[in-house]
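The values are calculated or read from the model by the stated rules, or taken from the named source; none is laboratory data. Nothing here was measured: the structure is a model prediction, and the numbers come from that model. Counting neighbours? That spans all protein chains shown, and the Cβs are built from the backbone with ideal geometry, glycine included.
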Amino acid sequence: MSVVGNTIQPTLWVGVVQCIQLMNDLTMRYTDVLKLVTSTTFSSLTTRFCKGLHTSSKCRLNCRVSSSGASISVRRTIHASSPPQLMKRKEPSSVAQASATKRSRARLEVPDYHLTPSVRDEQTGDAIWPAPEAQMKQARDIILECARSQKRTIIVPDKDADGLSSGVILHRTLVLLGLNPELIRVHLLSKGQTVHHEHEREAMAALFPDYIFVLDQGSRKSGPLIAAPHTGLVIDHHHATPEDFPEGSAFCTANQSPPVVTSALLTYLLCEPLHAGVSDRTDWLCVVGTHGDLGTTLKWEDPFPDMSATLKKYTKKALNDVVSYVNAPRRTATYDVSSAFDALLSAEHPKDVLKHSRLLAARQEVNAEVERCTHTAPRFSQDGKVAVFKIKSEAQVHPVIATRWAGHLQSKALEIVMVANEGYLPGKVNFSCRVPRCAKARDPSVDIIQSLKAYASLKPVKDEDDDTDGGLPDQHEIPLLERLGDDFARGHVQASGGIVDVDQFEELMRLMRVGEKKEKKQGASPQKGKKPIDAGQSNKLTSYFGKKSA
């Protein structure tokens with residue numbers, strides 16, 4: 001029998017087969033099915049039935065489409081009844097490759113942060129966590145001594161969510177322990193500066209402090225924090241050696257006690273045993289600071305403290321939103337860090353921070369700037385290990401963009417994602433580096449600090465065709481690494497960065513050979529499948545498309 005009508009789409013025939021299959025599932029005879037199909041109009045068959053061709057267990061359907069119409073024939077099957085099966089269409093090669101790529105990406109597993117093996121004490125076998133016990137005891141003693149002394153105290157926190165949260169935790173602890181709030185001052189650093197810059201130390205000295213607490217600022221070997229007599233304590237978690245601290249100051253650092261905690265969590269663990277009210281007043285600040293550095297997907301499992309009650313009380317979403325709000329002002333061109341600290345210090349609940357209009361405006365400003373700068377194309381070092389993005393912005397968005405690209409770029413060779421900002425400070429390049437997700441589980445693990453220092457230690461490579469020096473320093477001069485100063489390759493081994501002069505950064509790019517193609521090995525065989533084009537060939541695409549139609 002045949003059915004003739006308007007132009008028939010192939011998907012409608014799939015609907016016919018689907019309809020017959022449904023009838024077959026209801027144990028109808030194939031002759032009845034045939035009658036049903038004969039009376040069915042194609043306009044009533046919609047594409048929502050088109051899920052694929054079925055092989056019937058009781059009858060087989062043959063469809064034939066031609067320009068004049070279509071025909072359907074049905075014959076009885078002789079095999080035993082079996083459940084209908086779906087015939088799978090073969091994916092195009094490009095689609096199959098894309099699916100395989102997605103599956104391979106999904107299989108990439110990064111170990112949970114809290115599962116990082118701890119360092120054990122050689123004598124007791126106990127984990128040295130979150131910091132060496134002797135350092136923690138000394139830090140607690142200084143905090144208690146400060147509260148009892150009723151003397152002038154300054155807190156110097158870093159500008160991000162981790163640093164500001166740790167500052168508020170310590171501030172509230174000192175007040176709970178009895179220190180007069182009028183004696184506490186907070187010193188926030190200027191844009192692009194560190195606690196080790198001379199004018200910052202002069203500003204601290206002008207407050208005439210007896211106690212100085214430096215939180216989450218990183219550290220390096222230097223002279224005293226101020227020239228006048230004082231008691232100093234550095235609480236930190238950035239990469240440092242035992243000598244990398246200001247002269248005369250005590251320190252408590254988590255950087256050698258994996259899994260390395262944030263400064264906010266370390267400050268919380270130091271202060272929590274000192275007063276019964278610390279936990280209730282600062283637990284949510286601990287979560288905000290920790291999520292600010294370690295990410296919002298961190299699992300609060302052993303050895304980390306159980307924060308499930310805190311997350312349930314305030315909700316994880318609200319706490320993560322606070323991270324974004326608090327981080328925003330310091331990223332803006334105006335560098336309004338004080339508004340973020342004041343919002344945290346005055347807040348009794350995370351929702352109080354989220355109502356702050358200045359923080360909301362700063363967040364919107366930063367999001368717009370990140371969107372503007374994030375689509376810059378990368379250039380790669382010759383060895384393929386470093387992807388470099390260059391942006392120009394007065395906002396501190398380079399760390400955000402580096403973190404974002406680190407979660408997307410995939411390569412067997414890639415080890416570092418670097419975002420360099422040429423517009424943040426005049427005459428300087430501020431850059432942030434992150435380990436891409438594809439390289440986080442590698443053994444040995446990627447050490448950004450050592451990698452950057454290794455590149456800066458290389459000797460310059462001069463182009464053989466270039467008769468000039470190309471701006472490269474003479475080989476007898478001091479190596480670049482020794483000229484970069486203390487603001488190069490700071491931070492963490494997997495999240496580092498620095499501040500260098502523009503010409504020094506360009507020199508570093510030349511040493512890394514950014515943008516240069518990898519040199520081919522001598523004697524390498526030519527790629528398979530590529531044959532040379534016959535020079536005498538006359539039939540070409542250009543001549544084909546150049547012909548005028550008759």
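Hey, does the range 433-448 have a residue that's touching a Gly at 6+ places or on another chain (Cβ under 8 Å), within 17 Å of R379 (Cβ to Cβ), modelled with pLDDT of 95 or more and not in a strand (DSSP E or B)? Checking the range 433-448: at least one residue is touching a Gly at 6+ places or on another chain (Cβ under 8 Å), within 17 Å of R379 (Cβ to Cβ), modelled with pLDDT of 95 or more and not in a strand (DSSP E or B).
Can you find even one residue in the range 487-506 that is assigned to a strand (DSSP E or B), polar (S, T, N, Q) and either more than 21 Å from A387 (Cα to Cα) or modelled with pLDDT of 95 or more (or both)? Break it down into steps so the answer makes sense when it comes.
First, the residues of the range 487-506 that are assigned to a strand (DSSP E or B): 488-491, 495-501.
Among the residues that remain, those that are also polar (S, T, N, Q) are: 496.
Filter once more, keeping what is either more than 21 Å from A387 (Cα to Cα) or modelled with pLDDT of 95 or more (or both): 496.
Yes.
Right, F245: of a type in the set (F, W, Y), touching a Ser or Thr at 6+ places or on another chain (Cβ under 6 Å) and either free of Cβ contacts under 8 Å to residues at least 60 places away in the same chain or within 25 Å of L345 (Cβ to Cβ) (or both) or not? Show your work before the answer.
Details: of a type in the set (F, W, Y): yes; touching a Ser or Thr at 6+ places or on another chain (Cβ under 6 Å): yes; either free of Cβ contacts under 8 Å to residues at least 60 places away in the same chain or within 25 Å of L345 (Cβ to Cβ) (or both): yes.
It is true that F245 is of a type in the set (F, W, Y), touching a Ser or Thr at 6+ places or on another chain (Cβ under 6 Å) and either free of Cβ contacts under 8 Å to residues at least 60 places away in the same chain or within 25 Å of L345 (Cβ to Cβ) (or both).
G292: under 25 Å from G218 (Cβ atoms), assigned to a helix (DSSP H, G or I) and not β-branched (V, I, T), yes or no? Full working, then the answer.
Values: under 25 Å from G218 (Cβ atoms): yes; assigned to a helix (DSSP H, G or I): yes; not β-branched (V, I, T): yes.
Criteria met by G292.
Would it be correct to say that S308 is among the hydroxyl-bearing types (S, T, Y), over 19 Å from the mean Cα position of the chain (by Cα) and farther than 27 Å from A362 by Cβ? Show your work before the answer.
Values: among the hydroxyl-bearing types (S, T, Y): yes; over 19 Å from the mean Cα position of the chain (by Cα): yes; farther than 27 Å from A362 by Cβ: yes.
Answer is yes for this residue.
How many residues does the range 394-432 hold that are among the β-branched types (V, I, T) and surrounded by fewer than 16 Cβ atoms within 10 Å (Cβ to Cβ)? So the answer is 1.
Tallying residues that are assigned to a loop (DSSP other than H, G, I, E, B) and either touching a Leu at 6+ places or on another chain (Cβ under 7 Å) or surrounded by 18 or more Cβ atoms within 10 Å (Cβ to Cβ) (or both) within the range 449-464 yields 4.
A quick yes/no check of all residues on (1) touching a helix residue (DSSP H, G or I) at 6+ places or on another chain (Cβ under 6 Å); (2) farther than 22 Å from S346 by Cα; (3) modelled with pLDDT of 95 or more:
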site	(1), (2), (3)
A264	yes, no, yes
E272	yes, no, yes
D280	no, no, yes
D283	yes, no, yes
V287	yes, no, yes
T290	yes, no, yes
E301	yes, yes, yes
T310	yes, no, yes
Y314	yes, no, yes
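In the range 319-347, the qualifying residues are those that are assigned to a helix (DSSP H, G or I) and free of Cβ contacts under 8 Å to residues at least 12 places away in the same chain, and the one that is nearest to W284 (Cα to Cα) is S346.
In the range 371-392, the condition of being under 18 Å from the mean Cα position of the chain (by Cα) and closer than 30 Å to L174 by Cα is met by no residue. Within the range 134-155, residues that are closer than 17 Å to G167 by Cβ and surrounded by 15 or more Cβ atoms within 10 Å (Cβ to Cβ) have Cβ atoms under 8 Å from residues that are among the aliphatic types (A, V, I, L, M) and at pLDDT below 95 in no pair, counting only partners at least 6 apart in sequence or on another chain. Just one of (1) of a type outside the set (A, V, I, L, M); (2) without any contact (Cβ under 8 Å) to a residue 12 or more places away in the chain; (3) surrounded by 19 or more Cβ atoms within 10 Å (Cβ to Cβ) fails for E202. It is (3).
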